[in-house]
Amino acid sequence: MAKTMAVNAGSSSLKFQLLEMPAEQVIAQGVIERIGMDDAIVTIKYGAEIVAERLVGHSDDDEDHITITKDGKGKKYENVVPIKDHQQAINFMLQKLTDLGIIEDFQEITGVGHRVVAGGEWFNHSVVVTDEVLAKIDRLADYAPLHNPANAMGIRAFQKLLPDALSVAVFDTSFHQTMPDVNYLYSMPYEYYTRYGARKYGAHGTSHRYVSARAAAMLGKDLKDLKLITLHLGAGASITAIKDGKSFDTSMGFSPLAGVTMATRAGDVDPSLVYYIQEREGLTNDEMLNVLNKKSGLLGISTISSDMRDLLDVQDTNEHAKLAINIFINRVIKYVGQYVAEMNSVDAIVFTAGIGENSVPVRKMIVDKLSYFGIKLDNEKNNVRGEEVEISTSDSKVKALLIPTNEELMIARDVESLKGQA
């Protein structure tokens with residue numbers, strides 16, 4: 001069987017999953033963190049079964065570390081090594097897959113699918129990477145300055161090492177290209193849209209696409225007959241209204257900075273306030289964007305952590321932590337309420353991503369505040385993490401579903417579907 005690599009390249013990290021296709025069997029998955037540093041962290045899980053756990057490697061020396069995973073059937077390789085750039089990271093990763101016997105030769109990998117955050121209006125579906133496509137990804141860097149340059153870097157690095165593999169770009173924004181203009185346009189001079197593409201693009205589309213399809217399967221209905229609200233709640237968070245099987249509205253905007261409160265991103269802020277603060281703090285545009293992207297959100301309000309787990313642990317004794325949690329819940333509720341009104345009803349809400357999949361108390365706080373439109377939480381069913389399950393009561397008018405996202409599988413499927421088109 002052919003092997004396909006699903007890749008998510010960040011500015012200093014590289015996450016990957018290797019699958020046998022079309023069987024959709026995960027062979028290995030891993031992450032390389034702190035790229036560009038002398039102490040880059042490499043973690044690769046492989047073996048009989050891949051178990052769900054955070055892929056973070058820690059080692060005190062340069063020796064290889066292989067440990068048995070929780071289920072006792074798989075193995076985990078961990079190491080700390082100097083890695084100067086993405087090219088070296090990919091080379092190290094592919095060589096290690098060979099050394100560990102996961103693959104015999106690089107040529108076994110016949111397809112590589114890359115997550116790309118911003119596709120603008122150029123891309124409403126996944127595409128085979130050509131020079132023209134790569135040039136457009138570069139040109140769209142202004143739409144996602146924290147993501148697109150790293151995504152393009154990953155594509156080029158893989159193309160150099162695997163020139164014969166099919167290279168596919170899978171865009172976070174493409175799923176949202178079905179939004180009606182009334183939902184994606186801003187109330188600004190129309191010429192800014194026609195000249196500069198000033199509009200809402202959204203993000204996390206691959207995740208919303210996956211969980212909405214799974215929700216339809218769980219409910220035993222055609223996706224086109226459902227009205228869903230999918231909650232991708234992680235370090236980055238977005239809410240999407242799905243109607244007639246398509247993205248109808250979404251919380252993220254021109255960039256992934258807009259929408260609900262996130263781990264370190266501010267979400268929606270009055271632009272006049274941004275200018276006001278920038279003037280008084282003497283910040284450049286880049287410095288102000290850094291504040292909004294990396295110093296705000298849960299971290300900015302709580303003053304202690306961007307991790308929801310940390311805040312939940314101290315919420316009873318730390319007022320700032322409690323406030324940050326409440327603001328996060330408040331912003332989610334506002335968007336859900338707005339989308340119920342926009343669609344005139346909702347059949348189910350879906351929780352996914354790091355917080356959505358794993359935080360029992362956050363799901364409870366959100367569902368409890370949505371009881372006004374007939375959703376009831378089953379506390380026993382909700383007491384799970386990372387499982388695909390309905391968490392609402394049997395008599396709940398609106399269903400609540402927990403569905404672990406699988407963006408890597410969607411990427412691999414898109415690669416498979418494009419074979420023969422290269």
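The values are calculated or read from the model by the stated rules, or taken from the named source; none is laboratory data. In this text the structure is predicted, and so the values were computed from the model without any measurement. Neighbour counts run over all protein chains shown; Cβ positions are idealised from the backbone, glycine included. Note: accessible area is taken over every heavy atom of the protein model, side chains too, but ligands, DNA and RNA are not part of it. Shrake-Rupley method; radii C 1.70, N 1.55, O 1.52, S 1.80 Å.
Worth pointing out:
- With N counted as the residues of segment 138-247, its alpha-carbon radius of gyration over 2.2 N^0.38 Å works out to 1.27.
- Per the Debye formula on identical point scatterers at the alpha carbon atoms of segment 310-422, with no solvent, log10 I(q)/I(0) at q = 0.16 Å⁻¹ is -0.82.
- Ligands, DNA and RNA aside, H86 has an accessible area near 10 Å² when probed at 1.4 Å.
- For segment 314-389, the solvent-accessible area works out to 48 Å² per residue, with a probe of 1.4 Å and every protein chain left in place.
- Calculated [222 nm] ellipticity per residue, helices only, for the chain: -10500 deg cm²/dmol; basis is -39500 (n - 2.57) per DSSP H run with n ≥ 4, divided by all residues, nearest 500.
- For D378, D310, D131, the ranking by accessible surface with the largest value first comes to D131, D310, D378, using a 1.4 Å probe.
- Spacing of the modelled spin labels on E287 and D131, each 7 Å from Cα toward Cβ, amounts to 4.2 nm.
- Over segment 173-324, the Kirkwood radius and the radius of gyration, each from Cα atoms, give a ratio Rg/Rh of 1.04.
- Pairwise inverse Cα distances across segment 95-195, averaged and inverted, put the Kirkwood hydrodynamic radius at 15.3 Å.
- Computed lengthening from K419 to Q278, 0.36 nm per intervening residue step minus Cα-Cα distance: 45.9 nm
- Compactness ratio for the chain: Cα radius of gyration over 2.2 N^0.38 Å (N = residue count) comes to 0.98.
- Accessible surface for segment 87-167, divided over its residues, is 44 Å² per residue with a 1.4 Å probe.
- To the nearest ten degrees, helix 407-418 and the longest principal axis of the Cα atoms of the chain are 70 degrees apart.
- Axis of helix 86-99 versus longest Cα principal axis of the chain: the two differ by about 60°, to the nearest ten degrees.
- Considering only alpha-carbon pairs that sit under 8 angstrom and 6 or more positions apart, the relative contact order computed for segment 287-381 is 17 percent.
- Given +1 at the Cβ of Lys and Arg, -1 at the Cβ of Asp and Glu and no other charges, the dipole of segment 229-296 around its Cα centre is 240 debye to the nearest 20.
- Whole-percent carbon and sulfur share, accessible surface of the chain, 1.4 Å: 48 percent
- Taking every protein chain into account, the accessible area of segment 169-300 amounts to 45 square angstrom per residue (probe 1.4 Å).
- Angle between the chain longest axis and helix 148-161 axis [Cα atoms, degrees, rounded to 10]: 20 degrees
- Pairs exceeding 26 Å between alpha-carbon atoms, taken from K15/K227; K243/K322; K227/K381; K75/K381: K15/K227; K243/K322; K75/K381.
- Amide H within-cut-off set for V112, under 5 Å, with H built and near neighbours excluded: M5, L166, S167, V168
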